[in-house]
Amino acid sequence: MAKDMSFAAVMARKNEILMQSLGIDFSKFEMGTIAFDYEGMMASIGMDFDDITRIQLEQGVGATPMLELRNITALARKYAPPGFGARIFIKDEAANPSGSFKDRRAATAVHTAKRLGFKGVAAATSGNYGAAVASQAAKQGLSSIIVQECFDSRKIGQPEILEKARKCEAFGAEVIQMTVGPELFYKFLTILEETGYFSASLYSPFGISGVETLGSEVALQIRALTGKDPDAVIVTHAGGGNITGTARGLAQEGCTAPIIAASVNLKGLHMASDGHFNRKSFTTGHTGFGFPFATWPDRSDMPRSAARPLRYMDRYVLVNQGEVFYMTEALAQLEGLERGPAGNTSLVAAFALAQEMPQDAIIVVQETEYTGAGKHIQPQLAFARKNGLNITFGNPAEEICGENIILPQHPGLIAARDVEMAGMRKSLIRNTLQRMTPGTQLTDVDVEFLAAETKSSADWVREALQNS
C-alpha cells in the first residue's frame, strides 16, 4: 500500500524520517519535561575532536589563514578616542574548498553518511551550505540533492541564491528550486524518504561538531600571532550553528573570549512572506533567522537542534544593510580581499566595536566567505533598485528595511546596535512553556536545562518563570 504523501501525513512522521536519515534516536536524550541531554547528543556522533580535525584535513578543509586587517584597523582608529581602536583580525574561511566555513560542517556530515553506507546526501538550504555539501559529496563519491527556497511567486530569484545554485550544480548536485513558503521542509522530507539519502542538516550534531575546529584554530592562531587570547570574537549569526560550534571550539582550547553575535537588521520583513522575499538584500546572517532560531532553536529540521546560540552568546548587535555593502567595498579596496556579505556583517560590528576598545585589544572576525557574480554588491544593489528600494548615501541609522538602503556618508556613521539579551532569554522560556503539554510541571532538571539554554542561573530562570 502506497504511503500517504499529503502534507499533513509527511509532517506527522517527520521525526521517524529524520531519525532514519541520520541514524540518531533523539528520544534517548529526552529528560524531565522539556529538558534533554545536549552534551550526550553531541557526543553520540562517534567522532572526537581529533577525528573531526583529521577528517577535515583529509578533505582539504580547515587550517585557514588568520589575517590582520591593518588598514581597516587604522581607519577605525581615526574615529576612535585617543588610545582606542582594537586590532582587527579576520579568519579567512573563503580558503576552504567551496569558499566558506560551512565546508567544516559538510565534511563531517558527508563522511558520516559514507561511513554508514548511504549512497547520497540531501540538504535544504539557500545558502553556502548547499555548495559545501555538494563539494564534499563530490570529493567523497556520494550523490547530493540540494533543495533551495529560491523564488517569489513571480518566479523571480535573488542573485545571491541563484549564484549558490550555480555553484552547487558545478559540483554535480541536483538542485531543486522552490518558491518561498512552508513547502520547503515538506519537500525535503519527501526527498529523504523517497531516496533513502542521509540528512546533511545544518543543525545536526555532525554539522555543529564540525565547526568546533574553527573555534580551536581561532584561539591557537591568535595566541601564536599575538601571545594572548582574543578580547572578543565576533560571529555572524543566523541559525545559530556558527556561534555554537565556534564557542565550543574556543572552549576546547580554554579560551574564554566573549562571543559577540552580529546580524543584519531586517526588522519588519518576514522571511516566509512572498511580498517581502525580494525586498531584502541578504539571504543569511540577518534577524529573520537570528531572532527566531535563538529563541526557539528546535524550529529547525532536527527533532532537537544541535545549534543552541543563547547558550554561548555574550552580546548581540545589529548592523544595517548599507553598512555591510560599504564594508564589503572597504575590505576589497583597503585590504585587497574581495569577500562575500556574510563575514562582512561581523566585520561591520568589529569596525564599530574596535573603537570602544583600547589599541592593544584583539578582535577576531571569525569567518569570511567567497564572493561571485551573484553575491557581489553590484548585482545585489541593482536587484534592490529593481525591486523598488531607494539606494542613497547618508546616515545608515535612517535605513528602513524594505524601503531603502543607506550607504554611510563616511565611516564614522557605522555603528553596532545592541540587542537586549534578557528579553531574548525570556522569549526562549516563553516559547518553551507554550510547547509544553497542558498540566505538566517543570522539574528541577528542566530548570537547570533552561539555565544552560539561556546562559543564566536556576534562580534567574525561576524568577522569569514566575513572571511569565
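The values are calculated or read from the model by the stated rules, or taken from the named source; none is laboratory data. Remember, it's a predicted structure, so these values are computed and weren't measured experimentally. So basically every Cβ, Gly included, is an ideal-geometry build from the backbone, and we count neighbours across all protein chains shown. Surface accessibility is based on the protein's heavy atoms, side chains included, excluding ligands, DNA and RNA. Shrake-Rupley method; radii C 1.70, N 1.55, O 1.52, S 1.80 Å.
Counting only DSSP beta bridges with both residues in the chain, the antiparallel share comes to about 20 percent. Classify the chain as rounded, prolate or oblate from the Cα gyration tensor: take a ≥ b ≥ c as the square roots of its eigenvalues, call it rounded if a/c is under 1.5, otherwise prolate when a/b beats b/c and oblate if not. Verdict is rounded for the chain. Among the protein heavy atoms of the chain, carbon and sulfur supply 51% of the accessible surface, probe 1.4 Å, non-protein parts ignored. By a 1.4 Å probe calculation restricted to protein chains, Ser144 has an accessible surface near 10 Å², given to the nearest 10. Extension gain, Met436 to Glu403: 0.36 nm times the residue separation minus the Cα-Cα distance gives 8.0 nm. The calculated FRET efficiency for the pair Glu68 and Ala2, based on their C-beta separation and a Förster distance of 60 Å, comes to about 0.50.
Each of Asp301, Asp37 has its accessible area taken with a 1.4 Å probe; listed largest first, they run Asp37, Asp301. The simple spin-label model puts a point 7 Å past each Cα toward its Cβ; for Asp459 and Met31 those points are separated by 2.2 nm.
As an exercise, take the mean of 1/r over every pair of distinct alpha carbons in the stretch 361-468, invert it, and state the Kirkwood radius in angstroms. Mean inverse Cα-Cα distance, inverted, gives 18.4 Å. Close amide-amide hydrogen proximity is noted between Ala262 and Val235, Thr236, His237, Val317, each under 5 Å apart and 5 or more residues distant or on a separate chain (H modeled in the peptide plane; Pro and chain starts excluded). Can you give the relative contact order of the stretch 55-144 as a percent, counting alpha carbon pairs under 8 Å and 6+ residues apart? Taking the mean separation of contacting Cα pairs over the length of the stretch 55-144, I get 28 percent. Hydrophobic, long helices, defined as DSSP H runs whose alpha-carbon span along the helix axis is 15 Å or greater and whose mean Kyte-Doolittle value is at least 1.0, occur in the chain at 341-354. Net length available on complete extension from Arg166 to Arg385 is 76.5 nm, with 0.36 nm assigned per residue and the Cα-Cα distance removed. Of Trp460, Trp296, the order by accessible heavy-atom surface (1.4 Å probe, DNA, RNA and ligands excluded), from most exposed downward, is Trp460, Trp296. The charge dipole of the chain, taken about its Cα centre with unit charges on the Cβ atoms of Lys, Arg (+1), Asp and Glu (-1) only, comes to about 720 debye. Remark: spin-label model distance Ala43-Gln378 equals 5.4 nm, labels positioned 7 Å along the Cα→Cβ axis.
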